[in-house]
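The values are calculated or read from the model by the stated rules, or taken from the named source; none is laboratory data. Because the structure is a prediction, the values reported are computed rather than measured. Using ideal geometry, Cβ is built from the backbone for each residue, glycine included, and neighbour counts are taken over all protein chains shown. Accessible surface areas use protein heavy atoms only, side chains included; no ligands, DNA or RNA. Shrake-Rupley method; radii C 1.70, N 1.55, O 1.52, S 1.80 Å.
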Amino acid sequence: MKLKELERPAVQAWSPASQYPVYLATGTSAQQLDASFSTNGTLEIFEVDFRDPSLDLKCKGVLSASSRFHKLIWGSFGNGLLEGSGVIAGGGDNGMLTLYNVTHILSSGKEPVIVQRQKHMGAVRALDFNPFQGNLLASGASNSEIFIWDLNNLSVPMTPGSKSQQPPEDIKALSWNRQVQYILSSAHPSGKAVVWDLRKNEPIIKVSDHSNRMHCSGLAWHPDIATQLVLCSEDDCLPVIQLWDLRFASSPLKVLESHSRGILSVSWSQADAELLLSSAKDNQVLCWNLGSSEVVYKLPTQSSWCFDVQWCPRDPPVFSAASFDGWISLYSVMGRSWEVQHMRQADKISSSFSKGQPLPPLQVPEQVAQASLIPPLKKPPKWIRRPAGVSFAFGGKLVTFGLRSSPAHHVPQPCPRLVFISQVTTESELLMWSTELQKALESGNLLSYCQNKSQQASLQSEKMLWQFLKVTLEQDSRMKFLKLLGYSKDELQKKVATWLKSDLGLRESPQPKGNDLNSNTQQAFCSQASKHTTEEASAFSTFFDELVPQNMTPWEIPITEDADGLLSQALLLGELGPAVELCLQKEHFADAIILAQAVGTGLLKQTQERYLAKKKTKISSLLAWVVQKNWKDMVCTCSLKNWREALALLLTYSSPEKFPELCDILGTRMEQEGSRALTSEARLCYVCSGSVERLVECGAKCHQALSPMALQDLMEKVIVLNRSLELLQGPDGVSPGPATTYRVTQYVNLLASQGSLAAAMSFLPSDCAQLQVQQLKDRLFHAQGSAVLGQQPPPFPFPLIVVGATPHSKETSSHRLGSQPSHQVPTPRPRVFIPQSSLVMPLTPSHPNLHQGSRMQNISDYRVPGPQEVQPLPLGPGMRPAPQDSWKDAPAPRRNLQRKKLPETFMPPAPITAPIMSLSPEPRRILPSQPPLSSMSHAPPGAPGGLSLQQLQQLPPEKMERKELPPEHQSLKTSFEALLQRCSLSATDLKTKRKLDEAAQRLEYLYEKICEGTLSPHVLAGLHEIARCVDAGSFEQGLTVHAQVAGCSSFSEVSSFMPILKAILTIAHKLQI
């Protein structure tokens, strides 16, 4: 993919890998002239900003040069002379070598030229900085001259040794070894490469081709292996790249031959030693994989020669190419087609002309689109591959892998990579408590479990909560709740008896004299008793007659007109209602209640209410609630300081039906209006009411961030309370709410992350229909592997979608899933169609398989696949469908896909010995009498049962009819036929009507392909999206989707129906139906 471009007849140099931002330096090429025939030289520095979507480069510095350049190179030398941007070395004509200060060029401040030296004879065409010592620069020119410059002392250069090349010739390339810092190599036009050892100042080996036809134009050392280098030949008769290993220098290790003319330059990727770039006179730029000796990336054919290619040191996938037509282009090997850029330019043109109505999309000519296709790399490059990796998997599994470190002097060989799977446990205490809880649940001994938890609790509120939870599992829970709150009937009776005894003792002590009536009565009683003490027993009958005191006043009934008189009259007449009113008016409440009780419950209730309203004491409110039983008002108005007393009243008096609701109201008040301590105590109310959902919400509120142990503590309480509810209501009466489900799934996921899969599975609710629980249950079941063999798997929580449209796709899907699908869900129409861009390619058979026709119910639909026709493989659920890469070209088969294993006695079909005459897009049906079907009688053993020719001839006539569309695709035919009918009714001219009649016939090819299952999944998805646009009346959107489907599909697959479908959409848009 092209990233940037620059129109300059120049040589190039990338900034070092340590430099950021990334720069590209260009110098006017000494080997090129433009139309002005100017010989002026310019050195420019451009910033490469890939965040900018445009193709332009930003110029950051310009400098006029005294001469033009044959070679540019950018080094990272600093050593106090520079401010970190490095130095640029330029080789010019007449042996001129110039060093530039990059910082001064960018800042346009001080003099950028560091030094100029003219030591060489002829043009300086070879330059290279030492990768280990940045101050060492090697330069090469004519007459076999090689100089080693020390940038710290540029007065006198060094030489690697005496001139060994006789006769003297030009130095075409220089390269420092990437592993050994004192090794330098040079390449010569005669085809020889000389390796120099700077310690000895002499050549140590010479490499040359025995054919003497090798004209070296480029040289590069292997980035990782010290003894390997490549040489390229610019001879049109021998356009090869040779890989040499100095350990076997008698002949090249490998020879790469794909260029048709001489090779001008090579560049070895420092990020991936398997990738090598080359450019040649055949206008091609190729990227080689040296491991497999094949071309893995190819740029489209250029308009002129590309004389220099270079990898970007900082961005591994980026490289630059300078061509003789005056352009420098930047590309990425992570390539895709140039259609994006063509469409970008088309959008610019459309936007510049369209003012109101948008223009239709510009169509790129087919020749340009086909020529601009850039295939991606066939394997991921090294900078994408991970040398080591680590990932956590479900169930607390840690998956790690690493690469074996191979010595640098050995050729890396493919070796098996070890993947380690280990169990990671970080919450051992959580697992311990979870195991104890599971044991208590299995044994049913939850009472002892709650008792132990209560004893272990450090906070009083936690002790009380566990005691309450224990009571929920016992009989007569209300009375036991009251005891826990501090109220016991037995204790109360003892306290009352004690108080009454003490009060009775006070009354028996000596009392002061009473009133006169009492004293007179006592005196009369004593006198009469003294008279009769000595009398006989027969006189006792007259004793009671003489008891009436002689001096007592008889009682009288008041008949006055005051309140007492009126009360007497009311009592005499039996009017007890007015009598009660008079008593209440006089505040004789006891008399009023006695009289009201004699009347009935209605008057008694009114009297009690009036009494409670007027009499305000410390316990009057309590008396009112006990008498009136208005418990909802009680829990809403009572002071939260007396929440225990309020809960005790509910436990004592409220009915079982209203008790849970009243407890929840009290607990909610304590949460909302009380302090943090009251919020914690509110959990007791929820335990009493059995509200698991509110207990979970309150527990989460008490712990803002639930730690693993806090979650364990909460789940222990929830599970115990759930078990008590199951004992009361049965297993079917308990269904978790959303908050409970969320915490349970969180807890189960936590247990699963610690590797406790079986325990996690046991804590999930068995009959919960919520989707997240069902999905987690399915995942836990399959994660246990062999541990659940023989157990019934949980129901599959996802809808089954039919992927692929082949007649036997359902069988294949069921076979891959290992079970028979219970139902098939039609494929829904996508809301927005997005063409798929997966790198997985469908497997294209080299020969058409005629035996596949035996699975079809209708032999009239069987036809021989065309030469460009692709039969997509049936895909199972969960597998991604494979897209087509081009509108014109069918994809090539991939080597890494596994082919079906053929039977040992399989007889391949007869080869095609005559040209296929019919290449039209129309499908040709093969009649039963034609010879190709005779091969069906020779099916291999084990193949699907085929029909012989005689059997085909005996088929009844009704079997020759076309099959019905699959139900999931029936909507396509409905939508398209309805659109045709509407267009026919609206069309007025004869030409349009004839076009619509032709369209109705051509759409039959579409329906046949759907019935045969030969359409790829992404084409079917696009057709459904077009149908949705048709139903909505959005024909412009339908045309856009049509263009997207056509742009990423094979021509042979869709050419029979896509053009006519576009015509129908265009007519509908024109008629505005």
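Quick notes on this one:
- A straight chain from Lys993 to Glu429 at 0.36 nm per residue would run longer than the Cα-Cα distance by 195.0 nm.
- The stretch 125-276, accessible surface, carbon-and-sulfur percent (1.4 angstrom probe): 47 percent
- Unit charges on C-beta of K, R, D, E only; dipole of the stretch 694-806, Debye: 180 debye
- Calculated FRET efficiency for the pair Asn642/Arg610, C-beta based, R₀ 22 Å, to 0.05: 0.30
- R0 of 30 Å, Cβ-Cβ distance Leu447-Ser488: FRET efficiency to nearest 0.05: 0.90
- If R0 is taken as 51 Å, the Cβ-Cβ distance between Asp34 and Leu1071 corresponds to a FRET efficiency of 0.35.
- Amide H within-cut-off set for Asn283, under 5 Å, with H built and near neighbours excluded: Cys306
- For the peptides 254-267, 63-76, residues were scored by their other Cβ atoms within 10 Å and the scores averaged per peptide; the highest-first order is 63-76, 254-267.
- Portion, in percent, of the accessible area of the stretch 978-1036 that falls on carbon or sulfur, probe 1.4 Å: 49 percent
- At 0.692 mPa s and 37 °C, Stokes D of the stretch 208-271 from Kirkwood alpha-carbon radius, µm² per second: 276 µm²/s
- Between Phe420 and Tyr742, the modelled label-to-label distance comes to 3.9 nm, taking each label 7 Å out from Cα in the direction of the beta carbon.
- Around the amide H of Ala65, modelled in the peptide plane, lie the amide H atoms of Gly41, Thr42, Leu43, all under 5 Å away and 5 or more residues distant in sequence or on another chain.
- The label point for Leu985 and the one for Asp591, both projected 7 Å from the Cα toward the Cβ, are 9.6 nm apart.
- Peptides 285-291, 179-185 ordered by packing proxy, namely the average of other Cβ atoms within 10 Å per residue, highest first: 285-291, 179-185.
- Electrostatic bookkeeping for Trp268 treats Lys and Arg as +1 and Asp and Glu as -1; over the other residues with beta carbon under 15 Å from its beta carbon, the sum is -3.
- For Pro380, the shell of other residues with beta-carbons less than 13 Å away shows a net charge of +3, using +1 for Lys and Arg and -1 for Asp and Glu.
- Net length gained if the chain between Arg676 and Asp56 were fully extended (0.36 nm per residue, minus Cα distance): 216.8 nm
- Between Thr301 and Glu661, the modelled label-to-label distance comes to 8.7 nm, taking each label 7 Å out from Cα in the direction of the beta carbon.
- Net charge contributed by nearby residues that have their C-beta within less than 13 Å of Leu33 (K/R +1, D/E -1): -1
- Each of the peptides 1059-1065, 596-602 was scored by the mean count of other Cβ atoms within 10 Å over its residues; in descending order, highest first, they stand as 1059-1065, 596-602.
- Between Gln791 and Leu727, residue separation times 0.36 nm minus the direct Cα-Cα distance comes to 20.3 nm.
- Solvent-accessible surface of the stretch 229-285, averaged per residue with a 1.4 angstrom probe and all protein chains in place: 33 square angstrom.
- Amide H contacts of Asp128 (H built 1.01 Å from N, under 5 Å, at least 5 apart or other chain): Ala138
- In the stretch 663-786, the portion of solvent-accessible area held by carbon and sulfur atoms comes to 51 percent [1.4 Å probe, whole percent, DNA, RNA and ligands not counted].
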